[in-house]
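**Student:** Here it is: the structure, laid out below.
The values are calculated or read from the model by the stated rules, or taken from the named source; none is laboratory data. Not measured: the values here are computed from a predicted model. Glycine gets a Cβ as well: all are built from the backbone with ideal geometry, and neighbour counts include every protein chain shown. Note: accessible area is taken over every heavy atom of the protein model, side chains too, but ligands, DNA and RNA are not part of it. Shrake-Rupley method; radii C 1.70, N 1.55, O 1.52, S 1.80 Å.
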Amino acid sequence: MTSKPDRVVLIGVAGDSGCGKSTFLRRLTDLFGEETMTVICLDDYHSLDRKQRKVAGVTALNPKANNFDLMYEQVKALKNGEEIMKPIYNHETGMIDPPELIKPSPIVVIEGLHPMYDERVRELLDFSVYLDIDDEVKIAWKIQRDMAERGHSYEDVLAAINSRRPDFNAYIDPQKQYADAVIQVLPTNLIPNDTERKVLRVRLIQKDGVEGFEPAYLFDEGSTIDWIPCGRKLTCSYPGIKMHYGPDNYYNNSVSVLEVDGQFDRLEEVIYIESHLSNTSTKFYGELTELLLKHKEYPGSANGTGLFQVLVGLKMRATYERLVGSEAKMAAKAVSN
Ligand SMILES: Nc1ncnc2c1ncn2[C@@H]1O[C@H](COP(=O)(O)OP(=O)(O)OP(=O)(O)O)[C@@H](O)[C@H]1O
Ligand SMILES: O=C(CO)[C@H](O)[C@H](O)COP(=O)(O)O
């Protein structure tokens, strides 16, 4: 991007480490393209490096280890279309590297532990999502990744999760009340006493009454529906698939919840589910399924995490188009007056 964008749309993606933020961002790149989107990892606003945190006895999740004033100033500047010199937190060395120049794109995504923590930063967001992974599932994912790819032992992974829990509960988890959409990942209800955590129950919690955000729904808006789609049009092996849709209350907000428990055997058959969903913000019939099929290999593609990540991505695209479109219309009106 060389020229200053007319309107920068700011998106927040929140979640703990290892909760699927990178996977979600890869799906967003499919929708927006790398040219249109700048991603800022908020780890870069750690004010204490790894050694200093150890000395001070605080985790990276603690606000004391982060510079929210600088985060606010720089995010605001990007939203105003200005360049910034962003610090860099180096995860390999645990130190803070010299800053880098960041130019704004039409879409700026801030992702990490604290996109909605500071009220000033939160107010700047045009759309936000919180990835809420249940502890049991988080442990299973982290163990799979950190043991296979990072050489950690089972005990190391468990100890790391436990040591972060108090600060996670105090500073990260409460942000979900501010999100426009929450993707909640839970153990399945379909297998009694499941310990494998391969089959998941995934809920998409969509805030009602947010300007320009029309929650997706199943069959009939506002009704409560339980649906077993398995049969002639959807192949399901054990333990099957159950879907649910209905209104609910979440942190004193009225929300619309969509839920998928189970796994898709054949991803191309998700078109059957898609054809019963409304307000998906797709541009053509089957776009949601097509986007899912584009990256079968991403973790979660065969369950509700993939489906809802794509759906939230489509909602972000609709927000972007609405804001850019309305700004363009306002500019045209100003010229004609
Ligand atoms: N939907 C999913 N289903 C199953 N496993 C998943 C899913 N999403 C993520 N994972 C697992 O969790 C790991 C972390 O995912 P990802 O890298 O997207 O998370 P992250 O939040 O960006 O992590 P970090 O901040 O630590 O880099 C993946 O390698 C994968 O093993
Ligand atoms: O929660 C995290 C976000 O990714 C990291 O633990 C945090 O950024 C500190 O990084 P490191 O463990 O590499 O020092």
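**Student:** In the list V157, V182, which residue meets the criterion of being hydrophobic (A, V, I, L, M, F, W, C) and assigned to a helix (DSSP H, G or I)?
**Tutor:** On the way: V182 fails: assigned to a helix (DSSP H, G or I).
Of the residues listed, the single one that is hydrophobic (A, V, I, L, M, F, W, C) and assigned to a helix (DSSP H, G or I) is V157.
**Student:** Okay, next question. When residues of segment 70-95 are filtered for being in contact (Cβ under 8 Å) with a residue 40 or more places away in the chain, open to solvent by less than 60 Å² (accessible area, probe 1.4 Å) and outside any helix (DSSP H, G or I), how many remain?
**Tutor:** The number of residues fulfilling the criteria is 6.
**Student:** Go through T29, T23, T36 for me and flag whichever is within 14 Å of ligand 1 (Cβ to nearest atom), within 27 Å of T282 (Cβ to Cβ), polar (S, T, N, Q) and touching a residue at least 40 places away in the same chain (Cβ under 8 Å). Give the derivation first.
**Tutor:** Working: T29 fails: touching a residue at least 40 places away in the same chain (Cβ under 8 Å); T36 fails: within 14 Å of ligand 1 (Cβ to nearest atom).
Step by step, each of T29, T23, T36 is checked, and only T23 is within 14 Å of ligand 1 (Cβ to nearest atom), within 27 Å of T282 (Cβ to Cβ), polar (S, T, N, Q) and touching a residue at least 40 places away in the same chain (Cβ under 8 Å).
**Student:** Hey, could you check segment 111-123 for residues that are outside any loop (DSSP other than H, G, I, E, B) and closer than 14 Å to D180 by Cβ and say which is farthest from ligand 2 (Cβ to nearest atom)? Give the derivation first.
**Tutor:** As a first pass, look at segment 111-123 and keep what is outside any loop (DSSP other than H, G, I, E, B): 111-112, 119-123.
Applying the additional criterion that residues be closer than 14 Å to D180 by Cβ yields 122-123.
On the way: R122: 19, E123: 23 Å.
So the residue we want is E123.
**Student:** Working only within segment 17-28, note down all residues that are open to solvent by 10 Å² or more (accessible area, probe 1.4 Å) and either at pLDDT below 95 or of a type outside the set (A, V, I, L, M) (or both).
**Tutor:** So the first thing to find is which residues in segment 17-28 are open to solvent by 10 Å² or more (accessible area, probe 1.4 Å), and the list is 17-18, 20-23, 25-27.
Scanning segment 17-28 gives S17, G18, G20, K21, S22, T23, R26, R27.
**Student:** If you scan segment 161-215, which residues turn out to be farther than 20 Å from E119 by Cβ, assigned by TED's automatic domain parsing to the domain that holds L113 and open to solvent by 50 Å² or more (accessible area, probe 1.4 Å)?
**Tutor:** Within segment 161-215, N162, S163, R164, R165, P166 meet the criteria.
**Student:** Right, another one. Among the residues of segment 5-18, is any among the aliphatic types (A, V, I, L, M), within 10 Å of ligand 2 (Cβ to nearest atom) and not in a helix (DSSP H, G or I)? Outline the logic, then answer.
**Tutor:** The initial filter retains those residues of segment 5-18 that are among the aliphatic types (A, V, I, L, M), namely 8-11, 13-14.
Still in the running and within 10 Å of ligand 2 (Cβ to nearest atom): none.
No, the conditions are met nowhere in segment 5-18.
**Student:** Could you give me the residue pairs with C-beta distances under 7 Å whose first residue belongs to segment 287-299 and is in contact (Cβ under 8 Å) with a residue 12 or more places away in the chain, whose second residue is open to solvent by less than 20 Å² (accessible area, probe 1.4 Å) and among the acidic types (D, E) wherever it lies, and which are 6+ apart or on separate chains?
**Tutor:** L288/E274; T289/E274
**Student:** Which residue is most open to solvent (accessible area, probe 1.4 Å), if the candidates are limited to segment 118-144 and must be touching a strand residue (DSSP E or B) at 6+ places or on another chain (Cβ under 8 Å) and away from ligand 1 (no atom under 16 Å from the Cβ)?
**Tutor:** The initial filter retains those residues of segment 118-144 that are touching a strand residue (DSSP E or B) at 6+ places or on another chain (Cβ under 8 Å), namely 121-122, 124-134, 136-137, 141.
From what's left, away from ligand 1 (no atom under 16 Å from the Cβ): 121-122, 124-127.
Working: V121: 0, R122: 51, L124: 31, L125: 29, D126: 35, F127: 4 Å².
It comes out as R122.
**Student:** Oh, and also: Determine if segment 145-155 includes at least one residue that is under 23 Å from S22 (Cβ atoms), open to solvent by less than 20 Å² (accessible area, probe 1.4 Å), over 19 Å from the mean Cα position of the chain (by Cα) and not assigned by TED's automatic domain parsing to the domain that holds Y250.
**Tutor:** yes
**Student:** Right, next: Suppose we keep only residues that are out of contact with any Asp or Glu (no Cβ under 9 Å at 6 or more places or on another chain) and among the charged types (D, E, K, R) within segment 80-96. Which one would you say is farthest from R50 (Cα to Cα)?
**Tutor:** Of the residues in segment 80-96, the ones out of contact with any Asp or Glu (no Cβ under 9 Å at 6 or more places or on another chain) are 80, 82-83, 92.
Next, only the ones that are among the charged types (D, E, K, R) stay: 82-83, 92.
On the way: E82: 30, E83: 28, E92: 10 Å.
My answer is E82.
**Student:** Then there is this: Return yes when P187 is under 18 Å from G300 (Cβ atoms) and away from ligand 1 (no atom under 12 Å from the Cβ) and no when it is not. Can you show your working first?
**Tutor:** Numbers: under 18 Å from G300 (Cβ atoms): yes; away from ligand 1 (no atom under 12 Å from the Cβ): yes.
It is true that P187 is under 18 Å from G300 (Cβ atoms) and away from ligand 1 (no atom under 12 Å from the Cβ).
**Student:** Quick check on my filter: what residues within segment 57-69 are in a helix (DSSP H, G or I) and in contact (Cβ under 8 Å) with a residue 40 or more places away in the chain?
**Tutor:** Initially, segment 57-69 is screened for residues in a helix (DSSP H, G or I), giving 63-65, 68-69.
P63, F68, listed by residue number.
**Student:** Then there's this: Checking S105 against (1) in a loop (DSSP other than H, G, I, E, B); (2) within 16 Å of ligand 2 (Cβ to nearest atom); (3) open to solvent by less than 10 Å² (accessible area, probe 1.4 Å): exactly one of these is not met. Which one?
**Tutor:** (2) is the only condition that S105 fails.
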